[in-house]
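Chemist: For reference, the structure I am asking about is given below.
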Amino acid sequence: MASITLDRLAHSYDPNPKTDADFALKEIDYEWEDGGAYALLGPSGCGKTTLLNIISGLLVPSKGHIKFDGKDVTHLQPEERNIAQVFQFPVIYDTMTVRQNLAFPLINRRVPQDEITKRVADMIEVLDLADKADRKARGLTADEKQKISLGRGLVRYDVNAILFDEPLTVIDPHMKWQLRTKLKDLHRQLGHTMIYVTHDQTEALTFADKVVVMYEGEVVQIGTPEELFDEPAHTFVGYFIGSPGMNVLPCQINGKTAEIGTTKIELAREYNISGSNIELGIRPEFVSLSSDRAGIPVQIDAVENIGRFKIVRANLEGHSINAVLKEGESVPADPTFRFATDRINVYENSHLVRAGG
Amino acid sequence: MDKPYNNKAWFLVVPVFALVALSAIIPIMTVVNYSFQDTFGNNQFFWAGTEWFQDVLSSDRFWDALGRNFMFSVIILAIEIPLGIGIALTMPKKGIWVPVCLVTMALPLLIPWNVVGTIWQIFGRADIGLLGYSLDQLGVNYNYASNIFDAWATIILMDVWHWTSLVVLLCYAGLVSIPEAYYQAAKIDGASKWSVFRYIQLPKIRGVLIIAFLLRFMDSFMIYTEPFVLTGGGPGNSTTFMSIDLVKQAIGQFDLGPAAAMSLVYQLIVLSVCYVFFTVMSNVGVDKPDARVED
């Protein structure tokens with residue numbers, strides 16, 4: 001188990017990167033704590049797998065260093081880094097039994113035979129595979145195979161970190177929940193540093209203590225699920241986390257007022273920015289409806305009932321905007337919108353403008 | 001649920017049936033017809049019963065040829081399968097060299113059988129052939145036309161040169177279809193090169209390997225053109241394989257009855273050996289029914 005330091009790390013698949021856009025992974029400088037559960041979240045092609053492969057050693061970064069417990073491992077091979085990785089598709093050794101699969105990494109590391117027998121037996125117990133232990137791994141279901149892939153990492157007690165590359169992609173929906181719970185249990189029991197790559201926000205938010213949100217090769221925010229929800233540091237985070245995502249409306253700031261076209265919205269504090277690319281962000285959960293004439297005039301396009309709540313889809317000065325209505329609330333006649341003032345975030349060039357900005 | 005049943009569907013398979021009948025069933029039945037009868041020309045046939053079969057099975061000539069066939073197949077399989085796997089493993093998986101390698105590998109497969117025979121016939125000649133001349137200059141007394149060992153060595157070398165590519169291409173196709181994650185996982189598990197081959201590559205190319213094995217067995221067991229062109233079955237009868245013997249009997253001596261009987265026996269041997277191979281190889285490494293699952 002180890003802390004992982006990313007020291008001004010960047011990577012480009014182009015041997016001679018010229019512009020920023022040539023980098024699949026833009027510079028990142030961060031330290032991951034020992035024993036933490038982290039999720040790398042972002043859409044396909046955002047660089048999260050690149051980052052994972054750099055950590056596991058399958059890829060050498062073009063810039064910067066990676067350190068495990070302060071020790072530089074940038075140029076070490078995967079097997080020398082003592083990490084485990086679970087891939088998108090379960091990797092098992094077809095011709096071996098479940099037991100042999102779990103013993104394989106230990107045999108390769110010349111662990112004494114009686115120690116292997118003991119650890120493998122423990123692991124079979126932990127993974128609930130006791131009844132399948134002596135069967136060929138080939139015939140098992142996808143989730144059982146994925147458990148074996150995980151087990152091959154866990155059976156080495158001293159692994160520095162366990163990396164997951166979208167491990168639930170091929171698992172049936174009802175098994176996903178079980179396997180995720182199992183993962184959380186194991187994390188609590190064994191305390192390994194775990195890094196989990198996914199594009200599914202539910203997986204990321206339920207699994208991780210801290211979520212690293214990536215967008216176009218850039219780490220746009222690292223934070224707890226609450227932080228990501230309350231204060232998205234980037235409009236992408238606001239849009240990507242939450243369902244429906246945050247409303248992002250182009251506006252102009254004039255002291256304590258935001259102007260969207262002719263509509264004026266009061267802000268919680270004064271902003272001193274003059275850039276052209278200013279946006280206002282407000283989560284649909286903090287938009288309420290009223291029949292108050294003083295509210296923000298909108299035109300309602302649709303109301304979608306999705307069980308626990310309703311989504312009101314509306315139009316404000318040509319921009320689409322959503323509001324969430326709690327169960328039992330109804331849409332008033334001739335409604336206007338009201339924003340919770342202290343929940344409004346202001347973005348300049350897509351990045352959050354923090355206090356004092 | 002009742003399946004809709006419509007006899008008209010039989011009409012849809014008539015074209016296929018007609019084609020198969022023309023290409024396979026009718027010729028085979030003709031052979032069967034010859035194998036149980038005797039003829040002296042003029043389309044006069046006399047019933048011969050199992051006489052020809054008894055003749056064939058009790059002749060040394062048949063058993064000798066069969067022995068040579070098996071020896072040849074075993075030798076070339078023992079060389080071509082490991083060699084083919086080895087070459088496929090060393091071939092690049094991506095980059096500009098892939099098409100170069102593939103085309104180079106495919107070249108021998110594109111050459112007609114009798115041309116292959118002719119190439120090696122000239123190649124091995126001591127007066128004008130590169131191989132024969134070089135060996136001669138090195139002081140090796142090499143002559144495929146008079147020395148049994150030289151004749152066999154040349155035929156085997158020729159077959160290896162001609163057909164190893166097929167094994168290579170099949171194995172290569174199997175190897176490139178293995179997802180990269182397997183190699184990465186093996187690396188992380190600390191597996192040696194041999195373990196990667198034994199536990200990942202070999203199991204994953206098992207399917208294509210069975211096909212390569214069967215194709216090479218059938219083809220080598222029915223070999224005719226190349227040795228016929230190269231040695232004509234000599235020296236003596238040392239490279240007379242069953243197919244060569246068969247042609248001698250049927251067209252050389254016009255013994256249609258014994259030749260027909262021999263063809264049928266020949267075909268039966270190829271079929272049953274392939275069946276045995278296929279059954280055995282498909283079952284190797286497959287789960288045996290697990291007693292604990294049933295109860």
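Chemist: Is there any pair linking a residue in segment A:87-100 that is within 7 Å of chain B (Cβ to nearest Cβ) and of a type in the set (Ser, Thr, Tyr) to one that is crowded, with 20+ Cβ neighbours inside 10 Å and in a helix (DSSP H, G or I), with Cβ under 8 Å and at least six apart or on different chains, and which?
Modeler: If the second residue must be crowded, with 20+ Cβ neighbours inside 10 Å and in a helix (DSSP H, G or I), the pairs left are A:Tyr93/A:Asn101; A:Tyr93/A:Phe104; A:Tyr93/A:Ala137; A:Tyr93/B:Tyr199; A:Tyr93/B:Ile200; A:Thr95/B:Tyr199.
Chemist: Please work out which residue is nearest to the other protein chains (Cβ to nearest Cβ), limiting yourself to segment A:131-152 and to residues that are of a type in the set (S, T, N, Q) and within 21 Å of A:His192 (Cα to Cα).
Modeler: First, pick out the residues of segment A:131-152 that are of a type in the set (S, T, N, Q): A:141, A:146, A:149.
Of the ones still in play, those that are also within 21 Å of A:His192 (Cα to Cα) are A:146, A:149.
Details: A:Gln146: 12, A:Ser149: 7 Å.
Filtering segment A:131-152 for residues that are of a type in the set (S, T, N, Q) and within 21 Å of A:His192 (Cα to Cα), the one nearest to the other protein chains (Cβ to nearest Cβ) comes out as A:Ser149.
Chemist: Let me ask something else about it. Kindly indicate the residue of segment B:197-213 that is more than 17 Å from B:Gly86 (Cβ to Cβ) and touching a helix residue (DSSP H, G or I) at 6+ places or on another chain (Cβ under 8 Å) and also farthest from the other protein chains (Cβ to nearest Cβ) among those meeting that condition.
Modeler: Among those that are more than 17 Å from B:Gly86 (Cβ to Cβ) and touching a helix residue (DSSP H, G or I) at 6+ places or on another chain (Cβ under 8 Å), it is B:Ile211.
Chemist: Here's something else I'd like to know. Does segment A:73-85 include one or more residues that are more than 14 Å from chain B (Cβ to nearest Cβ), under 23 Å from the mean Cα position of the chain (by Cα) and either over 15 Å from A:Leu150 (Cβ atoms) or not hydroxyl-bearing (Ser, Thr, Tyr) (or both)?
Modeler: no
Chemist: Hey, does segment B:226-248 have a residue that's within 14 Å of chain A (Cβ to nearest Cβ), of a type in the set (Ser, Thr, Tyr), touching a Phe, Trp or Tyr at 6+ places or on another chain (Cβ under 7 Å) and assigned to a helix (DSSP H, G or I)?
Modeler: No, segment B:226-248 contains no residue that is within 14 Å of chain A (Cβ to nearest Cβ), of a type in the set (Ser, Thr, Tyr), touching a Phe, Trp or Tyr at 6+ places or on another chain (Cβ under 7 Å) and assigned to a helix (DSSP H, G or I).
Chemist: Also: From B:Ser263, B:Ser238, B:Ser282, B:Ser272, grab the single residue that is at pLDDT 85 or above, polar (S, T, N, Q) and in contact with a helix residue (DSSP H, G or I) (Cβ under 9 Å, 6 or more places away or on another chain). I'd like the intermediate steps shown before the answer.
Modeler: Details: B:Ser238 fails: at pLDDT 85 or above; B:Ser282 fails: at pLDDT 85 or above; B:Ser272 fails: in contact with a helix residue (DSSP H, G or I) (Cβ under 9 Å, 6 or more places away or on another chain).
Being at pLDDT 85 or above, polar (S, T, N, Q) and in contact with a helix residue (DSSP H, G or I) (Cβ under 9 Å, 6 or more places away or on another chain) holds for just one of B:Ser263, B:Ser238, B:Ser282, B:Ser272, which is B:Ser263.
Chemist: Restricting segment A:112-149 to residues that are small (Gly, Ala, Ser) and assigned to a helix (DSSP H, G or I), which is surrounded by the most Cβ atoms within 10 Å (Cβ to Cβ)?
Modeler: A:Ala137
This table checks each residue for (1) assigned by TED's automatic domain parsing to the domain that holds B:Val270; (2) in a helix (DSSP H, G or I); (3) hydroxyl-bearing (Ser, Thr, Tyr).
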| position | (1), (2), (3) |
| --- | --- |
| B:Asn43 | yes, no, no |
| B:Gln54 | yes, yes, no |
| B:Asp64 | no, yes, no |
| B:Asn69 | no, yes, no |
| B:Gly84 | no, yes, no |
| B:Lys94 | no, no, no |
| B:Val103 | no, yes, no |
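Chemist: Listed residues A:Ser288, A:Ser330; which is in contact with a strand residue (DSSP E or B) (Cβ under 8 Å, 6 or more places away or on another chain) and among the small types (Gly, Ala, Ser)?
Modeler: Of the residues listed, the single one that is in contact with a strand residue (DSSP E or B) (Cβ under 8 Å, 6 or more places away or on another chain) and among the small types (Gly, Ala, Ser) is A:Ser288.
Chemist: In this structure, is A:Phe104 buried (at least 20 other Cβ atoms within 10 Å of the Cβ), under 27 Å from the mean Cα position of the chain (by Cα), within 11 Å of chain B (Cβ to nearest Cβ) and touching a residue at least 40 places away in the same chain (Cβ under 8 Å)?
Modeler: Against the criterion (buried (at least 20 other Cβ atoms within 10 Å of the Cβ), under 27 Å from the mean Cα position of the chain (by Cα), within 11 Å of chain B (Cβ to nearest Cβ) and touching a residue at least 40 places away in the same chain (Cβ under 8 Å)), A:Phe104 does not qualify.
Chemist: Which of the residues that make up segment B:37-50 are without any contact (Cβ under 8 Å) to a residue 24 or more places away in the chain and of a type outside the set (Ser, Thr, Tyr)?
Modeler: B:Phe40, B:Gly41, B:Asn42, B:Asn43, B:Gln44, B:Phe45, B:Phe46, B:Trp47, B:Gly49 - these are the residues of segment B:37-50 that are without any contact (Cβ under 8 Å) to a residue 24 or more places away in the chain and of a type outside the set (Ser, Thr, Tyr).
Chemist: Can you say whether A:Met175 is in contact (Cβ under 8 Å) with a residue 40 or more places away in the chain, away from chain B (no Cβ under 14 Å) and not hydroxyl-bearing (Ser, Thr, Tyr), as far as the supplied structure shows?
Modeler: Spelling it out, it is not the case that A:Met175 is in contact (Cβ under 8 Å) with a residue 40 or more places away in the chain, away from chain B (no Cβ under 14 Å) and not hydroxyl-bearing (Ser, Thr, Tyr).
Chemist: If I ask for residues that are in contact with a Phe, Trp or Tyr (Cβ under 8 Å, 6 or more places away or on another chain) and aromatic (Phe, Trp, Tyr), which ones from segment A:121-169 would you list?
Modeler: If the condition is that a residue be in contact with a Phe, Trp or Tyr (Cβ under 8 Å, 6 or more places away or on another chain) and aromatic (Phe, Trp, Tyr), then A:Phe164 is the only one that fits.
Chemist: Keeping to segment A:150-174, report how many residues are among the small types (Gly, Ala, Ser) and part of a helix (DSSP H, G or I).
Modeler: Residues that pass the stated criteria total 2.
Chemist: Something else: What residue, among those in segment B:14-36 that are touching a Leu at 6+ places or on another chain (Cβ under 9 Å) and of a type outside the set (Phe, Trp, Tyr), is farthest from B:Gln253 (Cα to Cα)?
Modeler: Looking at the filtered set, the residue picked out is B:Ile28.
Chemist: Still on this model: Can you pull out the residues in segment A:175-223 that are assigned to a strand (DSSP E or B), of a type in the set (Ser, Thr, Tyr) and under 17 Å from A:Gly35 (Cα atoms)?
Modeler: Once the filter is applied, which keeps residues that are assigned to a strand (DSSP E or B), of a type in the set (Ser, Thr, Tyr) and under 17 Å from A:Gly35 (Cα atoms), segment A:175-223 yields A:Thr193, A:Tyr196.
Chemist: Residues being on the phi < 0 side of the Ramachandran plot and without any contact (Cβ under 8 Å) to a residue 60 or more places away in the chain: count how many of those fall in segment B:245-264.
Modeler: 9
Chemist: May I pose another question? A:Ala10: of a type in the set (A, V, I, L, M, F, W, C), in contact with a helix residue (DSSP H, G or I) (Cβ under 6 Å, 6 or more places away or on another chain) and in a strand (DSSP E or B), yes or no?
Modeler: In short, no.
Chemist: Continuing with this model, one more query. If we keep just the residues of segment A:17-64 that are free of Cβ contacts under 8 Å to residues at least 12 places away in the same chain and not in a loop (DSSP other than H, G, I, E, B), which is farthest from the other protein chains (Cβ to nearest Cβ)?
Modeler: For segment A:17-64, the residue satisfying everything is A:Asp20.
Chemist: Any residue in segment B:168-196 that's over 17 Å from A:Thr95 (Cα atoms) and at the interface with another protein chain (Cβ under 10 Å from one of its Cβ atoms): show its pairings with residues that are surrounded by fewer than 17 Cβ atoms within 10 Å (Cβ to Cβ) and of a type in the set (S, T, N, Q) at Cβ separation under 6 Å, as long as the two are six or more apart or on different chains.
Modeler: Filtered contacts from segment B:168-196: B:Gly190/A:Asn108.
Chemist: Would you check if there is a residue in segment A:66-78 being assigned by TED's automatic domain parsing to the domain that holds A:Glu218, among the acidic types (Asp, Glu) and over 19 Å from A:Asp7 (Cα atoms)?
Modeler: No, every residue in segment A:66-78 fails to be assigned by TED's automatic domain parsing to the domain that holds A:Glu218, among the acidic types (Asp, Glu) and over 19 Å from A:Asp7 (Cα atoms).
Chemist: Still on this structure, please answer the following. Just to check your reading of the model, which residue among A:Val155, A:Val170 is surrounded by fewer than 18 Cβ atoms within 10 Å (Cβ to Cβ) and over 21 Å from A:Glu33 (Cα atoms)?
Modeler: A:Val170
The values are calculated or read from the model by the stated rules, or taken from the named source; none is laboratory data. A quick note: this is a predicted structure, and the numbers were derived from the prediction, not measured. Positions of Cβ are backbone-derived with ideal geometry, glycine not excepted, and every protein chain shown enters the neighbour counts.
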